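Before any comments, here is the structure.
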Amino acid sequence: PLYLIVGLLPGGRRLVHWLRTGTPMLGRLWIWSGHHEFASALRGLVSQGVVLDESLSCTAASLSDRNLARAARIVAQKCENGALLSQAMGESIHFDRALTGLVAWGEANDALPEALRQVTEMYEKEIELQTILLRRILPPLLFITVAVTVLIFTVMLFVPLIDLINNLSG
């Protein structure tokens with residue numbers, strides 16, 4: 001609920017995106033998931049022979065991350081004006097440098113669908129490794145958080161009791 005309320009405030013969407021992508025472990029997972037979605041959709045369209053400009057526009061329309069979709073639309077406009085895909089992606093802060101590098105390799109070797117396939121596989125592995133890490137780290141962190149919370153509440157309950165006992169005995 002708080003997430004939705006903050007998203008409705010002026011400038012709230014930017015704050016929500018910043019919090020979502022800036023969270024230490026979950027942020028990378030969110031970014032890699034968006035890049036995987038971008039590369040997978042673009043690869044499907046390019047490998048079917050759809051023109052790159054149209055492929056980028058359709059990919060941008062299908063992305064769930066609105067900031068990445070906006071960046072993809074900007075890249076599509078630059079490509080329509082004659083820029084290379086890798087060059088247009090390299091000018092944006094929203095695209096990972098590994099993604100841009102593999103796209104540049106694909107353009108140079110006339111193998112863009114193959115490069116995008118490698119990108120999707122790379123991000124699948126990154127997402128899997130990050131998920132494994134989260135599965136191993138989150139349970140101990142949650143245990144420590146619960147233990148500290150219980151300890152704080154216990155101390156908060158006993159401090160007034162101790163003060164009452166001291167006031168009654170003194």
_Springs between alpha-carbon pairs under 10 angstrom, Gaussian network model over the chain: which of Thr131, Thr145, Thr154 fluctuates most?_
Thr154
*Determine how large the accessible area of Lys78 is when every protein chain is in place; take a 1.4 Å probe and give Å² rounded to the nearest 10.*
70
*Which labelled figure in (1) 44; (2) 38; (3) 14 is percent of Cα pairs over 30 Å apart, once derived from the coordinates*: (2)
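For Asp163, Asp65, Asp96, give the ranking by accessible area with the largest first, probe 1.4 Å.
The most accessible residue leads, giving Asp163, Asp96, Asp65.
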*Calculate for the chain the 222 nm mean residue ellipticity that helices alone would give, adding -39,500 (n - 2.57) per DSSP H run of length 4 or more and normalising by residue count, nearest 500 deg cm²/dmol.*
-28000 deg cm²/dmol
_Cα-centred dipole magnitude for the chain, charges only on beta-carbon of K, R (+1) and D, E (-1), debye, nearest 20_ = 480
_Please list 3J(HN,Hα) in residue order for region 59-64, calculated via the Karplus relation 6.51 cos²θ - 1.76 cosθ + 1.60 where θ = phi - 60°; whole Hz, with x for glycine and proline._
5, 4, 5, 9, 6, 7
_Solvent-accessible area of Met25 with every protein chain in place, 1.4 Å probe, in Å² to the nearest 10_ = 60
*For the chain, with a Gaussian network of springs between Cα atoms less than 10 Å apart, report the residue from Gly49, Gly11, Gly90 with the top mean-square fluctuation.*
Gly11
*Per residue, how much accessible area does region 1-111 have with a 1.4 Å probe, in Å²?*
58
*How do Phe143, Phe158, Phe38 stack up against each other in accessible area, from largest to smallest, with a 1.4 angstrom probe?*
Phe143, Phe158, Phe38
*Report in % the part of the accessible area of the chain that belongs to carbon and sulfur, leaving out ligands and nucleic acids; probe 1.4 Å.*
66
_Phi to ³J(HN,Hα) by Karplus 6.51 cos²θ - 1.76 cosθ + 1.60 over region 149-164, Hz, x for Gly, Pro_ = 4, 4, 4, 5, 5, 5, 5, 5, 6, 7, 4, x, 5, 5, 4, 5
*Using alpha-carbon coordinates, inclination of helix 12-22 to the longest axis of the chain, degrees*: 90
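The values are calculated or read from the model by the stated rules, or taken from the named source; none is laboratory data. Quantities reported herein were computed from a predicted structural model and do not represent experimental measurements. Here the Cβ is made from the backbone with ideal geometry for all residues, glycine too, and neighbour counts use every protein chain on show. Note: accessible area is taken over every heavy atom of the protein model, side chains too, but ligands, DNA and RNA are not part of it. Shrake-Rupley method; radii C 1.70, N 1.55, O 1.52, S 1.80 Å.
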